[in-house]
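Have a look at the structure below, then the notes.
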Amino acid sequence: MTGGKSAAAILIVIAWIGVTAGQILAAGKILSAVGVGSPVLWMIVFTVIFVGYTLYGGQYAIIRTDILDIIIIFTGILAGLGTVSGR
């Protein structure tokens, strides 16, 4: 691997660690706000789930999950816009 490719690979890994950490933090805070358990408990649970799911299904499983995430996000945005414009 050349120097540029190595640097790019390292930056991608660092970026994905940040994205994954943000998702775990958000999941912990959201579920603790519902009133079930502490944020730290949920962060541990979701870390185990994320790591297990990735180890079991690999990159293909992550891509399938991302597609489902996109559908859920756009559905939420459209529902929110419908609610706001209906006022």
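The values are calculated or read from the model by the stated rules, or taken from the named source; none is laboratory data. Quick caveat: nothing in here was measured; it's all calculated off a predicted structure. No Cβ is skipped: glycine too gets one built from the backbone with ideal geometry, and neighbour counts run over all protein chains shown.
In the set Ile24, Ile12, only one residue is touching a residue at least 12 places away in the same chain (Cβ under 8 Å), surrounded by 10 or more Cβ atoms within 10 Å (Cβ to Cβ) and at negative phi; that residue is Ile24. Whenever a residue of region 31-42 is of a type in the set (Ser, Thr, Tyr) and surrounded by 10 or more Cβ atoms within 10 Å (Cβ to Cβ), its partners that are modelled with pLDDT of 85 or more and assigned to a loop (DSSP other than H, G, I, E, B), lying with C-beta atoms within less than 9 angstrom and at least six residues away or across chains, give the pairs Ser32/Ser38.
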